[in-house]
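K.L.:
Starting off with a structure, shown below.
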Amino acid sequence: MNIANNRKKIVVLTGAGISAESGIKTFRDSGGLWENHNIMDVASPVGWRKNKNLVINFYNERREQLAEVKPNFAHTYLAELENDFDVQIITQNVDDLHERGGSTKILHLHGELTKVRSTFDASLVYDIGYTKLNIGDNCDLGYQLRPHIVWFGEDVPAISEAITYCMRADYFIVIGTSMEVYPAANLIDYVPKQAPKIIIDPNIPAFTTPISNLVKIEKKASEGVKELKEYLTN
Ligand code: OAD
């Protein structure tokens, strides 16, 4: 018998809030990234067509900053949970702090900062690490590379895999997302009724549909996961 298969499945949906204590700005909080940048200018196909330099610089800055920050207690705690549970992370974050925190099953819904891809063939994805992307950096077929980020108005290719995980969850944990961006915000609706849904956020988001078995932990991520630990072990 495979012991791993008997473990309870925890699915964790994370957003910018889990990385806030590492020093990465969220998007919609006061002082957040979208306060100083126009979303459509830097995170949409229209913005890319209008001004590639602006878009490339925006993500170059994010990448440069990412090299300087570290995972925090919430990231490493989720990795430790793998000792006792089957843990699947679904993150909206484009940082690599779950990876560096030690989690092994991570699905990036909105792409990854440390990768770039071809503007001609989206399946041509390259690691760029924390280095800069430049105008004139091309894929193997000779087309300009772009950030490997899902922009507004683009499909979210990983969403069907994410839905499958949610449908099998024994516990669903949401950390640090305003639940304002779809389709990620709909994932909670695919979690079985009986599964506890635990939300950790200093400012718990409002839900548009009634959520069964909802547990609210109104705290920052690093503090909230300590309470989560008590919940899971009692
Ligand atoms: P938001 O900026 O919309 O929401 C951040 C959430 O984190 C809010 O609910 C805050 O209350 C919470 N928060 C702030 N500090 C926290 C802390 N220390 N611990 C826990 N929670 C904290 O960010 P997301 O919901 O992640 O997409 O945004 C979703 C998507 O919108 C992003 O993936 C990004 C953005 O546009 C793309 O760039 C494609």
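K.L.:
Out of THR131, THR114, report the one residue that is of a type in the set (Val, Ile, Thr) and open to solvent by less than 40 Å² (accessible area, probe 1.4 Å). Show your work before the answer.
P.N.:
On the way: THR131 fails: open to solvent by less than 40 Å² (accessible area, probe 1.4 Å).
The match here is THR114.
K.L.:
Next question, about the same structure. Which one is farthest from ARG28 (Cα to Cα), of the residues in region 188-207 that are open to solvent by 50 Å² or more (accessible area, probe 1.4 Å), part of a loop (DSSP other than H, G, I, E, B) and more than 15 Å from the ligand (Cβ to nearest atom)?
P.N.:
GLN194
K.L.:
ILE188 is checked against (1) in contact (Cβ under 8 Å) with a residue 24 or more places away in the chain; (2) out of contact with any helix residue (DSSP H, G or I) (no Cβ under 8 Å at 6 or more places or on another chain) and fails just one. What number does that condition carry?
P.N.:
With (1) in contact (Cβ under 8 Å) with a residue 24 or more places away in the chain; (2) out of contact with any helix residue (DSSP H, G or I) (no Cβ under 8 Å at 6 or more places or on another chain) applied to ILE188, the lone miss is (2).
K.L.:
Shifting gears a bit: Can you tell me which residue in region 211-234 is most open to solvent (accessible area, probe 1.4 Å), limited to those that are part of a loop (DSSP other than H, G, I, E, B) and closer than 17 Å to MET167 by Cα?
P.N.:
Of the residues in region 211-234, the ones part of a loop (DSSP other than H, G, I, E, B) are 211-213, 218-220, 234.
Remaining after also requiring closer than 17 Å to MET167 by Cα: 211-213.
On the way: ILE211: 36, SER212: 47, ASN213: 83 Å².
The selected residue is ASN213.
K.L.:
Next up: Given region 5-68, what helices (runs of 4 or more DSSP H) lie entirely inside it while holding 2 or more residues that are touching a strand residue (DSSP E or B) at 6+ places or on another chain (Cβ under 6 Å)? Spell out how you get there, then give the answer.
P.N.:
Numbers: elements: 17-20, 33-36, 39-42, 45-50, 52-66.
It comes to 52-66.
K.L.:
If ASN93 satisfies every condition in (1) touching a residue at least 60 places away in the same chain (Cβ under 8 Å); (2) crowded, with 22+ Cβ neighbours inside 10 Å; (3) part of a helix (DSSP H, G or I) but one, which is the exception?
P.N.:
(3)
Residue-by-condition table, conditions (1) within 10 Å of the ligand (Cβ to nearest atom); (2) surrounded by fewer than 19 Cβ atoms within 10 Å (Cβ to Cβ); (3) under 20 Å from GLN92 (Cβ atoms):
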| site | (1), (2), (3) |
| --- | --- |
| LYS8 | no, yes, no |
| VAL11 | no, no, yes |
| THR26 | yes, no, yes |
| TRP34 | yes, yes, yes |
| ILE39 | yes, yes, yes |
| VAL42 | yes, no, yes |
| LYS50 | no, yes, no |
| VAL55 | no, no, yes |
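K.L.:
Among the residues of region 144-167, is any in a loop (DSSP other than H, G, I, E, B), away from the ligand (no atom under 15 Å from the Cβ) and assigned by TED's automatic domain parsing to the domain that holds ASP84?
P.N.:
Applying the first criterion (in a loop (DSSP other than H, G, I, E, B)) to region 144-167 yields 150-158.
Okay, now just the ones that are also away from the ligand (no atom under 15 Å from the Cβ), so none.
No, region 144-167 contains no residue that is in a loop (DSSP other than H, G, I, E, B), away from the ligand (no atom under 15 Å from the Cβ) and assigned by TED's automatic domain parsing to the domain that holds ASP84.
K.L.:
Continuing with the same structure: If a residue has to be open to solvent by less than 20 Å² (accessible area, probe 1.4 Å) and more than 21 Å from HIS98 (Cα to Cα) to count, how many in region 57-67 make the cut? Lay out the reasoning, then the answer.
P.N.:
Initial filter on region 57-67 (open to solvent by less than 20 Å² (accessible area, probe 1.4 Å)): 58-60, 63, 66.
Filter once more, so that each one left must be more than 21 Å from HIS98 (Cα to Cα): 58.
So the answer is 1.
K.L.:
Do you know which residues across region 96-122 are in contact (Cβ under 8 Å) with a residue 40 or more places away in the chain and either assigned to a loop (DSSP other than H, G, I, E, B) or farther than 28 Å from GLN144 by Cα (or both)?
P.N.:
As a first pass, look at region 96-122 and keep what is in contact (Cβ under 8 Å) with a residue 40 or more places away in the chain: 97-98, 107-110, 113-114.
The answer is HIS98, LEU109, HIS110.
K.L.:
Right, another one. If the Cβ limit is 6 Å and pairs must be 6+ apart or interchain, which residue in region 208-234 that is more than 23 Å from ASN83 (Cα to Cα) pairs with which residue that is open to solvent by 100 Å² or more (accessible area, probe 1.4 Å)?
P.N.:
SER212/LYS193
K.L.:
What is the residue count in region 168-187 for residues that are buried (at least 17 other Cβ atoms within 10 Å of the Cβ) and more than 10 Å from the ligand (Cβ to nearest atom)?
P.N.:
So the answer is 5.
K.L.:
Among the residues of region 64-112, which ones are of a type in the set (Val, Ile, Thr), within 16 Å of the ligand (Cβ to nearest atom) and within 20 Å of ILE159 (Cα to Cα)?
P.N.:
If we filter region 64-112 for residues that are of a type in the set (Val, Ile, Thr), which is where we start, we get 69, 76, 87, 89-91, 94, 104, 106.
From what's left, within 16 Å of the ligand (Cβ to nearest atom): 69, 76, 89-91, 94, 106.
ILE89, ILE90, THR91, VAL94, ILE106 - these are the residues of region 64-112 that are of a type in the set (Val, Ile, Thr), within 16 Å of the ligand (Cβ to nearest atom) and within 20 Å of ILE159 (Cα to Cα).
The values are calculated or read from the model by the stated rules, or taken from the named source; none is laboratory data. What you see is a predicted model; the values in this text were computed from it and never measured. Because the Cβ atoms are built from the backbone with ideal geometry, glycine has one as well, and the counts that use them run over all protein chains shown. Just so you know, the surface numbers come from the protein's heavy atoms only, side chains and all, with ligands and any DNA or RNA stripped out. Shrake-Rupley method; radii C 1.70, N 1.55, O 1.52, S 1.80 Å.
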